[in-house]
Each structure stands twice: as structure tokens, then as C-alpha cells.
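Notes for the one structure printed next.
The values are calculated or read from the model by the stated rules, or taken from the named source; none is laboratory data. In this text, all values refer to a predicted model and were calculated from it rather than measured experimentally. Here the Cβ is made from the backbone with ideal geometry for all residues, glycine too, and neighbour counts use every protein chain on show.
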């Protein structure tokens, strides 16, 4: 683990990485994208990094490194660090050794980039998917659909849940609590 | 380490603000009055730590050092955070009022900083602004709940307001360095934010049945590294592991 993480560059000034990337040959691009779709969010393992909407682009750097651009989610989210390491490891296991993962801060990640497939996977695992508005609106105090029984007879417990990205709700119909992936 | 210039000094200031307050908020982890607040404090502290890391990492590229050295190897006199951020967490009323003051400032500040001519600062500001909007809703809500709560909670909130009131001025002080950066389109003018901040505070205090303190006073010095006695103790705690085991990793 250590040797892999050491190959990961620290978060560096955005401007230094504004180099133009050369695109990959279509066949290689597809192979890499397939491999990347197998990298999951360690805290939400039903979501690939594509589903989560954090995989921005891939390409060759001028010194022939395979560059993977990802958008960090919440600024202190420990999952991002793990995802970086997992990308490097997974690609290395499939023969791609010279990989650079870059955290691209701008534009800032938003839950609007989450795929429909990702939202469905969240619901299937009992987590309400983010509503289609940003973080300027408060999370709903009531009426959010329960991902387990689909009732809207629900109430907010707390806007801050088990991870930075989630709020916690109570369902008054099935009496289960559930997480809501907050719009961000 | 390279000699700091205006930009790296400015970035370090913002980083120190985030680091120091993040550390203070994290002192509530496992100590908060209820489980929901405990989780919220831990989440908010993590946002601050993340913000500090982005800023330290950026400063480190300019200063040819590392984010860890900037956070863990500088003494209190080298820290340039604003004084309000470093004050001990106090009771829950004190931490709530401090958080509301700073959240209300941060939403205004980072919303503007998104337009900074410095691309990296603008990118960090855009992420930070999103998080601040969640933070200020919670701290404002707590202000109202505790202010318009019991006699005991109301009186503690009013005491906290009185104790913090004079620290607010420092939020709006523009020194020569920041003024120069404002002219270059990098930093933003703090003083311009005060009318909106004052209005937001007044609006909340009315709803929370609290009063603007009658006595006004001013303390400042954080940007010059002149701190309260509390910062050194906090840094001891925060930096001890890294200084005892240089270069330690998980």
C-alpha cells in the first residue's frame, strides 16, 4: 500500500497541471475507462467513480504518463485519497504502471454529475439519491421519499450524517431510518 | 523554504484560519451535547481540515515546502490566523456564536473569492463556498434554538455574544498586503462585506431574542502573529505527534 501511495503526487497547484492532454487511441481509451469503472467509492461501494461523477477525463501527458483527472467531492473527504490509491493500484494490476492521478478542483464537483445508474444504485442500497438542486437550498425537512418503502411521510433527523455527504432521515411509515445523499 | 511573497502570505493566512478553527471544532468530537451535534461537528471540522489542506498545499508549491511543514512546524508567532478562530471552545453557546459569526462571514467572503484572478484560489473558493452554505444553516439554526430556548441557554448565548463581540472587527480589516492583492484582482475587500454581515447578524439575533452587546471594543493582531495565550497550547496539542516523529505517516 505504502509504495503505491508514494507514487501518487500530492495535490498541487491547479495551474501547474493545466497542460493539454493528448487523447488516447479509441481502443485504449475504452479499455482504461472500463478498468476505471471497476474502481468504487470505498464508503459507497455500490458506486463507481463514474457513477459518482468524479471521473473527469483521461489522456497522455507530454511526458507519456497516463493522466486520470478526478474531481474531489467534499474537501476533507477521506474517500478521495483512497480512490486515488485504488485507481493507481487497479491500473497497475492491469499493466499500466506510469499513471498520474490529478485532483482537478475546478469546476467544483456537484451531485448533478452523478449518473442515473448511480442514483438507482444508491436507492437500491437504501440511500435516497440527491435532489436536483445545489447546496444553496436546505435539505427537505419532510416529504423526502423513503428509499425502502417509497413513502413520503418522512422527517429530517440531522443535516449532517455518517459521512460529510449524507443527511439522516426517519421514515414514519416503515419506521426505518435512512441516509440521504445531499445535493451539493 | 522560499521567501514568502504577497500571494503566498495571503494563502497562508486563509489556511491558518481554516486549520485553527477546524482544530477547535474537532475538540467537540466525542464531547458534543448530543449525537447529532457530535456528528455535525466532526463533519464540519473535516471540511475545515480539507480547506486548510488545499490552501497549505497551494502555499507549499509557492514556498517550496510541504503542507505538513506549514501546518505542523510553525510556532504560534508564525501563525497568522484571526484571533476569533483560536479562542478555546468554551461552552456550547460560545462555540455556536463563534461559528455563526465566522460562517456568516465565510459565505460572503468565499462567494466573492470565486471571482479571484488567481485560478487556484478561485477553485478552492468555489468548493469552500458550497460547504459554507451547509455550515451557516446549521449554526444559524442553533443560534435561534439556543437564544430563544430556556432562560439558561438564552443567558449563556448572550454572555457568549458579549465575549466575542470585539473580535469581529478583525474579520473586516484590510491591511496593506491584502489591499495590494485586491488591486491586482486576487483578494477581496473585507470592509465591503461588513454591512451585509451586520444585517445577517441583526436579523438572526432578533429571531433568537438576543441583543447586540452595548459595549464595543476591539482586539486584533492575528495577522501579525500576535496571539492570545491560547493558540500556543492548542498548537502544542495539534503538532506534538508530527514534531515527536518527524515525517510520520499512517
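I'd like the full set of residues that are in a loop (DSSP other than H, G, I, E, B), closer than 30 Å to residue B:131 by Cβ and at pLDDT 95 or above, limited to the range A:72-99. Show your work before the answer.
Taking the range A:72-99 first, the residues in a loop (DSSP other than H, G, I, E, B) are A:72-77, A:94-98.
This time we only want the ones that are closer than 30 Å to residue B:131 by Cβ, so: A:72-77.
Within the range A:72-99, no residue meets the criteria.
Is there a residue being outside any loop (DSSP other than H, G, I, E, B), within 14 Å of another protein chain (Cβ to nearest Cβ), under 21 Å from residue A:166 (Cα atoms) and at pLDDT 95 or above anywhere in the range A:61-71?
From the range A:61-71, those outside any loop (DSSP other than H, G, I, E, B) are A:66-70; that's our starting set.
Applying the additional criterion that residues be within 14 Å of another protein chain (Cβ to nearest Cβ) yields A:69-70.
From the residues that got through so far, the ones that are under 21 Å from residue A:166 (Cα atoms) too are A:70.
Now narrow it down to the ones that are at pLDDT 95 or above: A:70.
Yes.
Taking only the range A:147-184 into account, find how many residues are in contact (Cβ under 8 Å) with a residue 60 or more places away in the chain and within 13 Å of chain B (Cβ to nearest Cβ).
First, pick out the residues of the range A:147-184 that are in contact (Cβ under 8 Å) with a residue 60 or more places away in the chain: A:163-165, A:181-184.
Imposing the further condition that a residue be within 13 Å of chain B (Cβ to nearest Cβ) reduces the set to A:163-165, A:182-184.
Selection size over the range A:147-184: 6.
Taking the stated definitions as given, is residue A:9 within 27 Å of residue B:51 (Cβ to Cβ), modelled with pLDDT of 90 or more and not assigned by TED's automatic domain parsing to the domain that holds residue A:130? I'd like the intermediate steps shown before the answer.
On the way: within 27 Å of residue B:51 (Cβ to Cβ): yes; modelled with pLDDT of 90 or more: no; not assigned by TED's automatic domain parsing to the domain that holds residue A:130: yes.
For residue A:9, the condition - within 27 Å of residue B:51 (Cβ to Cβ), modelled with pLDDT of 90 or more and not assigned by TED's automatic domain parsing to the domain that holds residue A:130 - is not met.
Would you confirm whether any residue within the range B:140-157 is within 27 Å of residue B:238 (Cα to Cα) and either assigned to a helix (DSSP H, G or I) or within 12 Å of chain A (Cβ to nearest Cβ) (or both)? Before the answer, list the steps.
At the first step, the residues of the range B:140-157 found to be within 27 Å of residue B:238 (Cα to Cα) are none.
The answer is no, given that none of the residues of the range B:140-157 is within 27 Å of residue B:238 (Cα to Cα) and either assigned to a helix (DSSP H, G or I) or within 12 Å of chain A (Cβ to nearest Cβ) (or both).
Under the condition of being surrounded by 14 or more Cβ atoms within 10 Å (Cβ to Cβ) and more than 22 Å from residue A:179 (Cβ to Cβ), which residue from the range A:40-64 is nearest to the chain's Cα centre (by Cα)?
Selected residue: A:55.
Of all the residues that make up the range B:46-70, how many are closer than 15 Å to residue A:75 by Cβ and either touching a strand residue (DSSP E or B) at 6+ places or on another chain (Cβ under 7 Å) or more than 8 Å from every other protein chain (Cβ to nearest Cβ) (or both)? Can you show your working first?
Filtering the range B:46-70 for residues closer than 15 Å to residue A:75 by Cβ gives B:46-58, B:67.
With the extra rule that they be either touching a strand residue (DSSP E or B) at 6+ places or on another chain (Cβ under 7 Å) or more than 8 Å from every other protein chain (Cβ to nearest Cβ) (or both), the set shrinks to B:52, B:55-56.
Of the residues in the range B:46-70, 3 are closer than 15 Å to residue A:75 by Cβ and either touching a strand residue (DSSP E or B) at 6+ places or on another chain (Cβ under 7 Å) or more than 8 Å from every other protein chain (Cβ to nearest Cβ) (or both).
Looking only at residues that are surrounded by fewer than 19 Cβ atoms within 10 Å (Cβ to Cβ) and assigned to a helix (DSSP H, G or I) in the range B:107-121, which one is farthest from the other protein chains (Cβ to nearest Cβ)? Spell out how you get there, then give the answer.
So the first thing to find is which residues in the range B:107-121 are surrounded by fewer than 19 Cβ atoms within 10 Å (Cβ to Cβ), and the list is B:111-112, B:114-115, B:117, B:119.
Applying the additional criterion that residues be assigned to a helix (DSSP H, G or I) yields B:111-112, B:119.
Numbers: B:111: 10, B:112: 16, B:119: 6 Å.
So, considering only residues that are surrounded by fewer than 19 Cβ atoms within 10 Å (Cβ to Cβ) and assigned to a helix (DSSP H, G or I), the one farthest from the other protein chains (Cβ to nearest Cβ) is B:112.
Does residue A:122 satisfy the criteria of being more than 14 Å from chain B (Cβ to nearest Cβ), surrounded by 18 or more Cβ atoms within 10 Å (Cβ to Cβ) and not in a loop (DSSP other than H, G, I, E, B)? Let's see the steps before the verdict.
On the way: more than 14 Å from chain B (Cβ to nearest Cβ): yes; surrounded by 18 or more Cβ atoms within 10 Å (Cβ to Cβ): yes; not in a loop (DSSP other than H, G, I, E, B): yes.
Yes: the conditions hold for residue A:122.
Kindly indicate whether any position in the range A:133-145 is within 9 Å of chain B (Cβ to nearest Cβ), more than 24 Å from the chain's Cα centre (by Cα) and under 30 Å from residue B:126 (Cβ atoms).
no
Has the range B:52-70 got any residue that is in contact (Cβ under 8 Å) with a residue 40 or more places away in the chain, within 30 Å of residue B:145 (Cβ to Cβ) and crowded, with 17+ Cβ neighbours inside 10 Å?
No, the range B:52-70 contains no residue that is in contact (Cβ under 8 Å) with a residue 40 or more places away in the chain, within 30 Å of residue B:145 (Cβ to Cβ) and crowded, with 17+ Cβ neighbours inside 10 Å.
Could you pull out every one of the helices (runs of 4 or more DSSP H) wholly within the range B:1-85 that has 2 or more residues that are within 18 Å of residue B:131 (Cα to Cα)? Give the steps one after another, and end with the answer.
Working: elements: B:6-26, B:35-63, B:67-72.
The qualifying helices (runs of 4 or more DSSP H) are B:6-26, B:35-63.
Check residue B:35 against each of (1) within 14 Å of another protein chain (Cβ to nearest Cβ); (2) within 25 Å of residue B:143 (Cβ to Cβ); (3) out of contact with any helix residue (DSSP H, G or I) (no Cβ under 6 Å at 6 or more places or on another chain); (4) at pLDDT 95 or above and name the one condition it does not meet.
(4)
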